[in-house]
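Have a look at the structure below before the remarks.
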Amino acid sequence: MNADPLELQKFSELAHRWWDPTSEFRPLHEINPLRLEWINARAPLAGKNVIDIGCGGGILSESMARKGATVTGIDLGEKALKVADLHSLESGVQVRYKLIAAEDMAAQEAGQYDVVTCMEMLEHVPDPAAIVRACAALVKPGGQVFFSTLNRNPKSYLFAVIGAEYILRMLPKGTHDYEKFITPSELSQFIRSAGLEVQGFKGMGYNPLTKIYSLNDDTSVNYLVAARRPLA
Ligand code: SAH
């Protein structure tokens with residue numbers, strides 16, 4: 001199984017706080033409107049069949065459903081999925097959540113999705129290329145796939161590990177393992193090897209003084225990438 005039990009456990013222990021915007025998940029709440037609008041601008045979500053891989057408590061999944069998409073969210077964290085289900089009941093925003101590995105879902109529902117999202121997840125799995133291949137299998141020809149992860153270089157170590165976990169204490173220590181960070185060229189390689197085309201990169205920045213996140217062209221720390229499955 002392409003999953004690290006310790007990684008799943010880390011998220012499980014915090015799962016009850018997933019929807020608390022002041023909790024460890026605050027960064028996900030704050031970046032969500034930015035990534036949602038970026039996705040929606042490239043792939044208007046209304047009426048689309050969407051799958052969110054590594055959905056956790058469902059912050060992105062629910063927001064895409066609010067835009068009018070039919071959303072499936074999958075994860076291997078049982079607690080996070082329970083929280084996601086409860087939140088969906090409370091909010092009245094319907095999402096189909098499933099505890100299943102991306103690779104197994106790809107075998108069951110290949111080519112069924114207009115849009116596949118996989119955010120802040122690749123840097124937590126043993127074999128990210130296999131997740132990218134599963135995403136490529138899930139998307140329809142002509143459909144789009146969106147990833148986000150952390151770049152690997154001295155600056156990202158300083159900002160994403162030392163800054164976020166030790167200085168600003170935005171994330172619990174040990175949230176991110178530098179060795180597992182993925183450079184844009186590595187991710188591009190995974191994407192192309194999976195038969196997808198890279199469409200574009202976007203950087204995501206955080207200003208610790210204003211505490212504001214923004215999208216920009218600096219992919220040196222957090223970044224997003226858009227890919228497309230060719231029609232033929
Ligand atoms: N994508 C969500 C959550 C990111 S947190 C968001 O951006 O809002 C990372 C998530 O990846 C957690 O929910 C964790 O349980 C999940 N995860 C880690 N390893 C996984 C694996 N091998 N398969 C599926 N999900 C995994």
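The values are calculated or read from the model by the stated rules, or taken from the named source; none is laboratory data. All of these numbers come straight from a predicted model, not from anything done at the bench. Cβ: placed from backbone, ideal geometry, glycine included. Neighbour counts: every protein chain shown.
Does segment 142-151 include one or more residues that are within 18 Å of the chain's Cα centre (by Cα), outside any strand (DSSP E or B) and touching a residue at least 40 places away in the same chain (Cβ under 8 Å)? Yes, segment 142-151 contains at least one residue that is within 18 Å of the chain's Cα centre (by Cα), outside any strand (DSSP E or B) and touching a residue at least 40 places away in the same chain (Cβ under 8 Å). Is it true that LEU45 is more than 10 Å from the ligand (Cβ to nearest atom), aliphatic (A, V, I, L, M), in contact (Cβ under 8 Å) with a residue 40 or more places away in the chain and part of a loop (DSSP other than H, G, I, E, B)? Spelling it out, LEU45 is indeed more than 10 Å from the ligand (Cβ to nearest atom), aliphatic (A, V, I, L, M), in contact (Cβ under 8 Å) with a residue 40 or more places away in the chain and part of a loop (DSSP other than H, G, I, E, B).
ILE191 meets each of the listed conditions (1) at pLDDT below 95; (2) assigned to a helix (DSSP H, G or I); (3) buried (at least 19 other Cβ atoms within 10 Å of the Cβ) apart from (1). Residue check: VAL161 meets all listed conditions (1) in contact (Cβ under 8 Å) with a residue 24 or more places away in the chain; (2) crowded, with 19+ Cβ neighbours inside 10 Å but one, namely (1). Residue by residue through segment 17-27, note down the ones that are touching a residue at least 60 places away in the same chain (Cβ under 8 Å) and either near the ligand (Cβ under 8 Å from one of its atoms) or exposed (fewer than 15 other Cβ atoms within 10 Å of the Cβ) (or both). Matches in segment 17-27: none. The set of residues from segment 49-86 being over 22 Å from GLU7 (Cα atoms) and either in a loop (DSSP other than H, G, I, E, B) or in contact with a Gly (Cβ under 6 Å, 6 or more places away or on another chain) (or both) comprises LYS67, GLY68, ALA69. Count of segment 194-208 residues, restricted to those that are loosely packed, with under 14 Cβ neighbours inside 10 Å and within 18 Å of HIS29 (Cα to Cα), is 2.
Kindly evaluate SER23 against the criterion of being in a helix (DSSP H, G or I) and of a type in the set (S, T, N, Q). Against the criterion (in a helix (DSSP H, G or I) and of a type in the set (S, T, N, Q)), SER23 does not qualify.
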